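Each value in this text was obtained by applying a stated rule to the coordinates, not by laboratory testing. Predicted, not measured: the structure shown is a model, and the values here were computed from it. All Cβ positions, even for glycine, are placed from backbone atoms using ideal geometry, and neighbour counts span all protein chains on display.
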Amino acid sequence: MARSTTTGTTPNLPAIAGISYVFPEGSRTVRQMADDGLLQSSAETMESFGFARVHVAVAESPYELALSAARDLLAEKDIDPASIGLVIYGGTPGSMAFASATDAAEGAAGLCTSRRFMYPGARLQYDLGLSNAWMFAVDQLACTTLLAAARIARSLCITEGIERALCVSSEFFPAKAGREAIFNCTSDAACAVLIERTGARNQLRSATTVTKGYYWDVDGLRDEIVASYFPTARHVLHQTIADAGWSLDDVDWIIPHNVSMRSWEILAGLAQLPRARLWTDNIARHGHTLAGDNFINYRDALESGEIEPGQRVLLFSYGFGAHWTGVAVEA
Amino acid sequence: MTQTILVTGATGLIGGGVLQRMLEADADLTANVLVRDELRWKRDLHRWGALGSRITAVSGDVRVPGMGIESGTRSRIVDEVSTIVHAAANTRFSQALEEARLSNTVGTSNVLELASQCRALTRFAFVSTAFVSGRATGMVPERDNGAEAGWVNSYEQAKYEAECLVRSSGTSWVIFRPTTIVCRGADGVVTQVNGVHRALRIYHRGLAAMMPGARENMFDVITGDYVCDAIATLAFDEKAAGRTVHLCSGKCAPRVGDLLDTAYDVWEQDGEWKRRGLSRAILTDLATYAMFERAVIDTGDARLKSLISSLSHFVPQLALPKQFDTSAADELLAFAPPPVSEYWGRMLENLIATGWGVADEVAA
């Protein structure tokens, strides 16, 4: 197990300055997916876990959604593209990012050719006119990708004085993997998050990640992963809270990744966090959008008025393969 | 005067251990042992060495009316036997209630029926379990604890019902209630794998990582040697007549948290195991654990479902804090149970060394 933690030490901490997200046009109900043989569990089981509908890309490519989410964010916040110093891209890699969902196989084949070096992050930098930004991508972090990107951006804002960093994820569930990942219904989506070096609102107080490489074999160790999920998640939640200088009672909201309600109820019980503080409205509406869940949910919870300024919010996600990440935000 | 005894369950851990001690303690003692498979008994008779010459195998089965004993043999037993040690049981926690009752309740009824006919009978020694107290919490006294609390599994219930039969039988009874036996003695050698060992193996493999309970709850375990020594001593003791005797660690029982810590400390001595970074099991309330169980059952993953189901017949006891009163054992016995700290770690090491089986010397 490798564990790393980032703790805020200054009053002017890096903060989330904006969030934007885009879903593909198509969507499917749990029952439709079950009828199409895309679920391993029954529709009734998935519904009892809180899922109702997911977003499914057909004609769109991951890159198109990523570009759209990032462009919307810059426009909405009236950000000068030249002020962005860093782009962190996470999600569908290389040539696959430019293939529509129906052409995913062809896009994947491109990874074995020179099209592997057609990087969506670089193209984002060009298409958005981010002339002063350097870019890199994060990979192999699955559903913790965007939390990790935000954490890295936070660190680089502090250590290198970067004023603005744009984190973008765009992840489509693998075309031949159905729509279920360990009892969770998956969605396709892109999400963009703007991190600024200082901010009075939405400060990134702390972040904790635990990686357990033993669980790299996600099919062979499926039962072991289910068993390890809860205690490790509890540890990460508690560590993130402690590193933020909070106590369990200080946490006003938990912004989850959109996995089954049942697993969140169990985790809340284990972590001694009240179920009432879980913001779960989007599980039924959107399903599990892989890397985007936490920030999509955070924006929606802010817009709904449920999260108020100054409240203490805990974001948590688990990434297949296997990473557990928590981020503490002061709204 | 020559004594003749009848032992049921003599091929088991307790019945066999008690029989051996009784024979060793009294050179004039002769024994009848009820066996379901007489050929197998004869094949294994060499294990008894010279003691085997004083043992007579009686073919039968406690589960059938009259115990299936041939009439001539039954007449001889009725004439000769002065003490019965009834240790036969089906200890599988996951069995259906009717199955558990057949072996443990109906079986006891059939042995009591034979006992009622034994002309020279002076003692009926019944091997029960401390967990007849089921879901009861707090101090568990050495008496009929009632049925109000309910039980965690069918074995506990069937044994409770058997105790009721013994108490009302009119025989001169003594009820022994061992807690969970985890190894033979202070050497930590495991001679019979049970639910505790199987549960530990599941946690060692990283297939479960939570359990109900609290770190400070007591979890009572004991050695087979202590239980067998106690029964062999008290079965003939007049002062034990009509008594219920907990054969437990009692007030010296360890805390669940300490037992778990020791287990993970032992497992972490294996560098390859430690490298996996498996989480130590966390303890939670019964409601949260039940949600986890339910989620696994609903998802229908066959292996995980089977493993979690096997735990469900045992681990809820960890969330039911209790202490077994050992006043009777303290009063009647001249020896005390060994400290759990002496053998728990060794037991864990032996489980690893034997590949989670029993020690070679016993299995041979």
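About its Cα centre, the dipole of region B:201-345 is roughly 640 debye, where the only charges are +1 on Lys and Arg Cβ and -1 on Asp and Glu Cβ. For the pair A:F117 and A:R277, the difference between a 0.36 nm per residue extended length and the Cα-Cα distance amounts to 53.2 nm. Placing unit charges on the Cβ atoms of the charged side chains and taking the dipole of the protein assembly as shown about its Cα centre, the candidate lying farthest along the positive direction among B:A162, A:A101, B:M22 is B:M22.
In chain B, one over the average inverse separation of all distinct C-alpha pairs is 21.3 Å, which is the Kirkwood hydrodynamic radius. Here region A:136-179 is treated with +1 on each Lys and Arg Cβ and -1 on each Asp and Glu Cβ, and its dipole about the Cα centre works out to around 200 debye.
In this calculation the C-beta distance from B:C164 to B:Q117 is compared with R0 = 30 Å, giving a FRET efficiency of 0.90. Applying a DSSP loop filter and a limit of 16 other Cβ atoms within 10 Å to the trypsin sites (Lys or Arg not before Pro) in region A:168-261 leaves A:K176, A:R201.
Where both bridge residues fall in the protein assembly as shown, DSSP classifies roughly 45% of the beta bridges as antiparallel. Of the cross-linked pairs A:K212/B:K251; A:K176/B:K305; B:K42/B:K239; A:K77/A:K176; B:K159/B:K251, those separated by over 30 Å at the C-alpha level are A:K212/B:K251; B:K42/B:K239; A:K77/A:K176. Result for chain B in a Gaussian network model with C-alpha springs under 10 Å: among B:E216, B:E272, B:E98, the largest mean-square fluctuation is at B:E272. Inter-chain neighbour count for B:271-282: the average number of beta-carbon atoms from partner chains within 10 Å of each residue's beta-carbon is 5.
Look at the alpha carbon pairs under 8 Å that are at least 6 residues apart: their mean separation over the length of chain B gives a relative contact order of 19 percent.
Bridge orientation summary for chain B: considering DSSP beta bridges with both residues in this region, about 5 percent are antiparallel.
Taking label points 7 Å from Cα along the Cα-to-Cβ direction, A:S27 and A:D219 give a separation of 3.2 nm. May I ask for the angle, rounded to the nearest 10°, between helix B:302-312 and the longest principal axis of chain B, with both axes built from Cα atoms and the value confined to 0 to 90°? Compared with the principal axis, the helix lies near 60 degrees. Normalised by 2.2 N^0.38 Å, where N is the number of residues, the alpha-carbon radius of gyration of region A:1-133 equals 1.34. Two tests apply to each whole DSSP H helix in chain A, Cα reach of 27 Å or more along its axis and mean Kyte-Doolittle hydropathy of at least -1.0, and the ones passing both are A:222-243. Can you give the longest stretch of chain A with no exposed loop site, where a site means GluC sites (Glu not before Pro) in a DSSP loop (not H, G, I, E or B) with at most 16 other C-beta atoms within 10 Å? Free of exposed loop sites, the longest segment is A:164-305. Fully extending the segment from B:R40 to B:A287, taken as 0.36 nm per residue of separation minus the present Cα-Cα distance, adds 84.3 nm.
Dividing the Cα radius of gyration of the protein assembly as shown by its Kirkwood radius returns 1.12 for Rg/Rh. Between B:I297, B:P254, B:A328, the Cα set farthest toward the positive side of the dipole of region B:249-364 (charges on each charged residue's Cβ, about the Cα centre) is that of B:I297.
Its DSSP H runs of at least 4 residues, each contributing -39,500 (n - 2.57), put the calculated 222 nm mean residue ellipticity of the protein assembly as shown at -11000 deg cm²/dmol, to the nearest 500.
Within chain A, DSSP assigns beta bridges of which about 70% are antiparallel (rounded to the nearest 5). Here the translational diffusion coefficient of region A:59-210 follows from Stokes-Einstein with Rh set to the Kirkwood radius across Cα pairs; for 20 °C and 1.002 mPa s it amounts to 134 µm²/s. Could you pull out which residues in region B:259-277 have an amide N less than 17 Å from a spot 7 Å beyond the Cα of B:R215, following the Cα-Cβ vector? Under cut-off, by backbone N: B:259-266. Dipole check for chain B: with +1 at the C-beta of Lys and Arg, -1 at the C-beta of Asp and Glu, and the Cα centre as origin, the magnitude is about 620 Debye. With a Förster radius of 22 Å applied to the beta-carbon distance between A:T198 and A:D80, the computed FRET efficiency rounds to 0.80. What would the Debye formula give as log10 I(q)/I(0) at q = 0.11, 0.13, 0.15 Å⁻¹ for the alpha-carbon point model of region B:191-290, no solvent? Per q value, in the given order, log10 I(q)/I(0) is -0.48, -0.63, -0.77.
Modelled label positions at A:V58 and B:E24, each set 7 Å beyond Cα in the direction of Cβ, lie 8.0 nm from each other. Rounded to the nearest 10 degrees, the angle from helix B:286-299 to the longest Cα principal axis of chain B is 80 degrees. A straight line joining the Cα centroids of region B:185-222 and region B:59-79 runs 38 Å. Averaging the sequence gap over all C-alpha pairs within less than 8 Å and six or more residues apart, then dividing by the number of residues, gives region B:29-84 a relative contact order of 33 percent.
The distance linking region B:128-157 with region A:77-115 is 64 Å (Cα centroid to Cα centroid, whole angstrom).
With a Förster radius of 51 Å applied to the beta-carbon distance between A:Q140 and B:D330, the computed FRET efficiency rounds to 0.25. Using C-alpha pairs below 8 Å separated by at least 6 residues, the relative contact order for region A:122-208 is 27 percent. In chain B, the longest principal axis of the Cα atoms and the axis of helix B:107-117 are about 20 degrees apart. Measuring between their Cα centroids, region A:259-323 and region B:240-277 lie 37 Å from each other. With bins 20 Å wide beginning at 0, the percent of Cα pairs of chain A falling in each bin runs 34, 61, 6. Here, region B:66-163 is characterised by an Rg to Rh ratio of 1.04, where Rg is the alpha-carbon radius of gyration and Rh the Kirkwood radius. Taking label positions 7 Å along the Cα-Cβ direction at both B:A186 and B:R303, the computed distance is 4.1 nm, reported to one decimal.
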